[in-house]
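J.: The structure under discussion is supplied below as structure tokens; questions concerning it will follow.
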Amino acid sequence: PAATASVGTFVNEEFANKRIDFAFYGDLPSIIANASGVSTRLIAPGGSGNHVYLVVPNDSTAQSIADLKGKRIALHRGRPWELSFAKLLEANNLDFKDFRIFNLNPQAGSAAISAGRVDAFFTLSDAYLLEDKHVGKIIWSSKQSPKDWKMRAELWAASDFVEQQPELTQLVVTAYLKAAYWTAQDENKDTYQGYLSKSGQPLSVLQREVEGEPWPSHFTPLYDQALKQHYADAVTYSRKAGLIRSDVDVEQLLDTRFVEQGLKQLQLQDYWKAD
């Protein structure tokens with residue numbers, strides 16, 4: 001099965017070559033970077049995370065991941081949602097070896113399930129597009145699971161830059177928090193989703209992705225228990241899956257001081273509540 005290049009690999013290379021100081025991207029690539037000696041810090045959580053979905057063809061009789069044992073599943077390996085998939089397997093006493101995993105990016109995975117070349121596809125909210133086209137149906141999503149099962153992406157910074165330029169780092173985080181606060185207002189929901197829909201995802205998909213949770217919670221910048229658990233699990237999984245060979249200290253990854261200071265500056269200490 002073909003592998004595809006990912007955003008995470010590119011961002012890690014840019015951090016390694018000191019061509020960037022900040023990036024907003026996913027959890028597993030960040031852990032891989034730190035395990036390989038490229039030191040970065042999580043300077044602002046990227047909200048409560050994105051949901052992940054298990055899709056099967058419309059005519060499939062499968063109703064759960066267990067029904068897919070021995071079958072072909074499209075999954076983009078090394079991307080943040082691989083961890084969510086691993087959690088789903090573990091909860092059902094299953095392992096990657098129980099399936100034929102095809103390493104395909106979301107576009108290729110979507111094409112594969114549409115053409116009947118795979119029996120299931122594990123992906124993000126583009127799952128709703130497959131339902132809308134009547135080529136796939138969602139049989140499971142992380143909406144049924146603990147919050148730390150969601151796919152996560154955050155604002156990361158090069159550790160050297162953070163140490164040498166704390167004031168600039170603070171400016172970036174405070175600006176990010178301002179934007180998160182504006183977006184979290186119910187009256188700005190339609191405007192924000194309108195912006196997002198111009199970048200490719202239909203409005204109906206964006207609306208279904210956020211159903212079932214309070215709108216402001218999607219943009220929480222708090223280092224809550226779900227986030228800490230997620231990263232502890234991500235490091236453990238990365239070791240077990242052979243994605244990293246050396247350990248990563250989660251406490252060192254999470255640099256909370258800029259969000260704390262920024263929320264104070266903006267007088268937003270009480271706006272978001274930790275779970």
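J.: Here is a check on your reading of the model: is ALA175 closer than 22 Å to ARG41 by Cα, touching a Phe, Trp or Tyr at 6+ places or on another chain (Cβ under 9 Å) and either small (Gly, Ala, Ser) or in a strand (DSSP E or B) (or both)?
T.: Against the criterion (closer than 22 Å to ARG41 by Cα, touching a Phe, Trp or Tyr at 6+ places or on another chain (Cβ under 9 Å) and either small (Gly, Ala, Ser) or in a strand (DSSP E or B) (or both)), ALA175 does not qualify.
J.: Still on this structure, please answer the following. Applying the selection to segment 48-76, what residues are of a type outside the set (A, V, I, L, M), buried (at least 24 other Cβ atoms within 10 Å of the Cβ) and within 11 Å of ALA120 (Cα to Cα)?
T.: Scanning segment 48-76 gives a single hit, TYR53.
J.: Among residues belonging to segment 180-200 that are open to solvent by 50 Å² or more (accessible area, probe 1.4 Å) and part of a loop (DSSP other than H, G, I, E, B), point out the one that is modelled with the highest pLDDT.
T.: LYS198
J.: Let me confirm something: among LEU222, LEU268, which residue is assigned to a loop (DSSP other than H, G, I, E, B) and in contact with a Gly (Cβ under 9 Å, 6 or more places away or on another chain)?
T.: Only one candidate passes the filter, namely LEU268.
J.: Have a look at GLN170, GLN225 and point out the one that is surrounded by fewer than 19 Cβ atoms within 10 Å (Cβ to Cβ), of a type in the set (S, T, N, Q), at negative phi and modelled with pLDDT of 95 or more. Before the answer, list the steps.
T.: Values: GLN225 fails: modelled with pLDDT of 95 or more.
Only one candidate qualifies: GLN170.
J.: Next question. Restricting attention to segment 256-275, which residues are surrounded by fewer than 11 Cβ atoms within 10 Å (Cβ to Cβ) and of a type in the set (Gly, Ala, Ser)?
T.: Selection gives ALA274 alone.
J.: Follow-up question, since we're still on this one. Restricting attention to segment 96-117, report how many residues are within 21 Å of SER6 (Cα to Cα) and either without any contact (Cβ under 8 Å) to a residue 12 or more places away in the chain or not in a strand (DSSP E or B) (or both).
T.: Total meeting the criteria: 11.
The values are calculated or read from the model by the stated rules, or taken from the named source; none is laboratory data. Not measured: the values here are computed from a predicted model. Here Cβ is always computed from backbone atoms with ideal geometry, including for glycine, and neighbour counts include all displayed protein chains. When the accessible area is computed, the model is the full protein with side chains, heavy atoms only, and any ligands, DNA or RNA have been set aside. Shrake-Rupley method; radii C 1.70, N 1.55, O 1.52, S 1.80 Å.
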